[in-house]
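Remarks on the structure that follows.
The values are calculated or read from the model by the stated rules, or taken from the named source; none is laboratory data. No experiment lies behind these values; they were computed from the predicted model shown. Virtual Cβ from ideal backbone geometry, glycine too; neighbours counted across all protein chains shown.
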Amino acid sequence: MTNSVAKVTGVRNTRDKILRVAVGSDHGGYKGKELLKSYLSTLGYKVVDVGCFSPESVDYPDFAAAVARKVAAGECERGIMIDGAGIGSSMVCNKVRGIRAALCYDLKTVVNSREHNNANVLTLGGPRHTPDELCQMSKVWLETRFAGGRHWPRINKMMAVERSTW
């Protein structure tokens, strides 16, 4: 875990084995996605870009669903989707079975989404953050482990709702 995570949480963890990260965006998040692709590659992640592939206007649900499906299918361990605010993409991703997408807006919410909620997709509002913030938030999110323990029953309840058994 990075020093920034330890500062936020006061806890140091070892890194999860995350090899492949699906990334996607709409036109509002295109610049941020392109920046993250390059940055995450320098950190050793295999980045799977599901689009969009230009700053032309597009519909975020198409790309949010593509990110979520890559993660749900096991083709990528995690996914990051960037749109104008992150809200719509979070809603779309959470419609895909097996996805726990979290809209985060600072390091504390990033860490909480992983440690307490075992989020497997991160959604961000690209224009709402500086390039450095996008990189730092993504890095911390990818390096933060799920704490397990007392959080497991809550995750199980969350997934039971998806299966309509709760």
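A few comments on the model shown:
Quick grid of which residues meet (1) in a loop (DSSP other than H, G, I, E, B); (2) of a type in the set (S, T, N, Q):
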residue: A85; (1), (2): yes, no
residue: S89; (1), (2): no, yes
residue: V96; (1), (2): yes, no
residue: Y105; (1), (2): yes, no
residue: K108; (1), (2): no, no
residue: D132; (1), (2): no, no
residue: C135; (1), (2): no, no
residue: W141; (1), (2): no, no
residue: T165; (1), (2): yes, yes
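- Residue within region 128-139 that is out of contact with any Gly (no Cβ under 6 Å at 6 or more places or on another chain), surrounded by 15 or more Cβ atoms within 10 Å (Cβ to Cβ), touching a residue at least 40 places away in the same chain (Cβ under 8 Å) and polar (S, T, N, Q) present: yes
- Selection over region 112-130 of residues that are of a type outside the set (K, R) and in a helix (DSSP H, G or I) gives a count of 5.
- Boolean, V48 is of a type in the set (A, V, I, L, M), over 17 Å from M158 (Cα atoms), surrounded by 23 or more Cβ atoms within 10 Å (Cβ to Cβ) and modelled with pLDDT of 95 or more: no
- N156 at pLDDT below 95 and either farther than 23 Å from T42 by Cα or under 14 Å from the mean Cα position of the chain (by Cα) (or both): yes
- Candidate set: region 103-125, residues that are among the hydrophobic types (A, V, I, L, M, F, W, C) and within 10 Å of the chain's Cα centre (by Cα); chosen: the one farthest from R154 (Cα to Cα): L124
- Within the set P153, P61, the sole residue that is assigned to a helix (DSSP H, G or I), surrounded by fewer than 20 Cβ atoms within 10 Å (Cβ to Cβ), on the phi < 0 side of the Ramachandran plot and without any contact (Cβ under 8 Å) to a residue 24 or more places away in the chain turns out to be P153.
- Answer from R100, R78 - the residue that is under 13 Å from the mean Cα position of the chain (by Cα) and surrounded by fewer than 23 Cβ atoms within 10 Å (Cβ to Cβ): R100
- Checked against the criterion of being assigned to a helix (DSSP H, G or I), over 18 Å from G28 (Cβ atoms), in contact (Cβ under 8 Å) with a residue 40 or more places away in the chain and not basic (K, R), the candidates V161, V71 yield just one match: V71.
- Any hit, region 21-29, residues being modelled with pLDDT under 95, hydrophobic (A, V, I, L, M, F, W, C) and over 16 Å from E133 (Cβ atoms): no
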